[in-house]
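Engineer: One structure follows; several queries about it will come next.
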Amino acid sequence: MGLGELLENTVPALGYELVDWEMSPRTKQIRVFIDKPNGVDVEDCASVSNHLTRLFTVEDVDFERLEVSSPGLDRPVKRLSDFARFAGHEAQLTLNAPVDGAKRIKGILRGTEGDDVLVETAAGVKSFPFGTIARARLVPQITWRKES
């Protein structure tokens, strides 16, 4: 069983969403990004890290360092279901090939329609086939409070 499959089977069983993971073959560092509906905190990351460390020992995964963290405010949007889940949020999409002369699209996610992702841009709602999206990330929304 490969590392990706091992993580996909384990992290959700612990009660978390596996957002993404990466491994650096040179440094043998594994980074795992987790989330849950109300966000993750340091205790969540420590718990998953402890579990994965023991699992990797049992499964003989060759690594030197493990990092478990939240995906951050600019979390990646990777699955078709993520585009539906984050409807109403602003996102930055990078396409595999330019559409109307642009390879980067910024707009409000409006969900999905079949295998297409709907994005509201200044030019209106546009539909992009899921397979044409190379990368997508949420645009952080920071609300500053005014002191009265």
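The values are calculated or read from the model by the stated rules, or taken from the named source; none is laboratory data. Everything numeric here is computed off the predicted structure, so don't read it as measured data. Ideal geometry is used to build each Cβ from the backbone, glycine not excepted, and the neighbour counts take in all protein chains shown. Calculation scope for accessible area: heavy atoms of the full protein, side chains included, ligands and nucleic acids excluded. Shrake-Rupley method; radii C 1.70, N 1.55, O 1.52, S 1.80 Å.
Engineer: Divide by every residue of the chain the summed helix terms, -39500 (n - 2.57) for each DSSP H run of at least 4, and state the resulting mean residue ellipticity at 222 nm, rounded to the nearest 500 deg cm²/dmol.
Structural biologist: Details: 3 runs with 31 residues, N = 148.
Here the helix-only value at 222 nm equals -6000 deg cm²/dmol.
Engineer: Of all the Cα-Cα pairs you can form in region 73-121, what percent are over 18 Å apart?
Structural biologist: Numbers: 289 of 1176 pairs.
That tail contains 25 percent of the Cα-Cα pairs.
Engineer: Follow-up. Lys/Arg Cβ at +1, Asp/Glu Cβ at -1, dipole of the chain taken about the Cα centre: which of Gln141, Tyr16, Cys45 is farthest positive-ward?
Structural biologist: Gln141
Engineer: With charges only on Cβ, +1 for K and R and -1 for D and E, what is the dipole size of region 42-109 about its Cα centre, in debye, rounded to 20?
Structural biologist: 440 debye
Engineer: What accessible area per residue comes out for the chain, rounded to a whole number of Å², with a 1.4 Å probe? Let's see the in-between values first.
Structural biologist: Details: 9400 Å² over 148 residues.
Dividing the accessible area of the chain by its residue count gives 64 Å².
Engineer: Could you tell me which trypsin sites (Lys or Arg not before Pro) in region 1-40 are loop residues by DSSP with no more than 16 other beta carbons within 10 angstrom of their beta carbon? Before the final figure, lay out each step's value.
Structural biologist: Numbers: sites: Arg26, Lys28, Arg31; in loops: Arg26, Lys28.
Taking region 1-40 and a limit of 16 other Cβ atoms within 10 Å, the loop trypsin sites (Lys or Arg not before Pro) found are Arg26, Lys28.
Engineer: Further, regarding this structure: Mind listing P(r) for the chain? All alpha-carbon pairs, 5 Å bins, whole percents.
Structural biologist: Calculated over all Cα pairs of the chain, the distribution is 2, 8, 17, 17, 15, 14, 12, 9, 4, 2, 0, 0 percent.
Engineer: Check each of the trypsin sites (Lys or Arg not before Pro) in region 108-148 and keep only those in coil by DSSP with at most 16 other C-beta atoms within 10 angstrom; list them in order.
Structural biologist: Arg145, Lys146
Engineer: Using a 1.4 Å probe over the heavy atoms of the protein chains, calculate the carbon and sulfur portion of the accessible area of the chain as a whole percent. Can you show the working numbers first?
Structural biologist: Numbers: 4580 of 9400 Å².
Carbon and sulfur together cover 49 percent of it.
Engineer: Then there is this: Can you give me the relative contact order of the chain as a percent, contacts being Cα pairs under 8 Å and 6 or more apart?
Structural biologist: 18 percent
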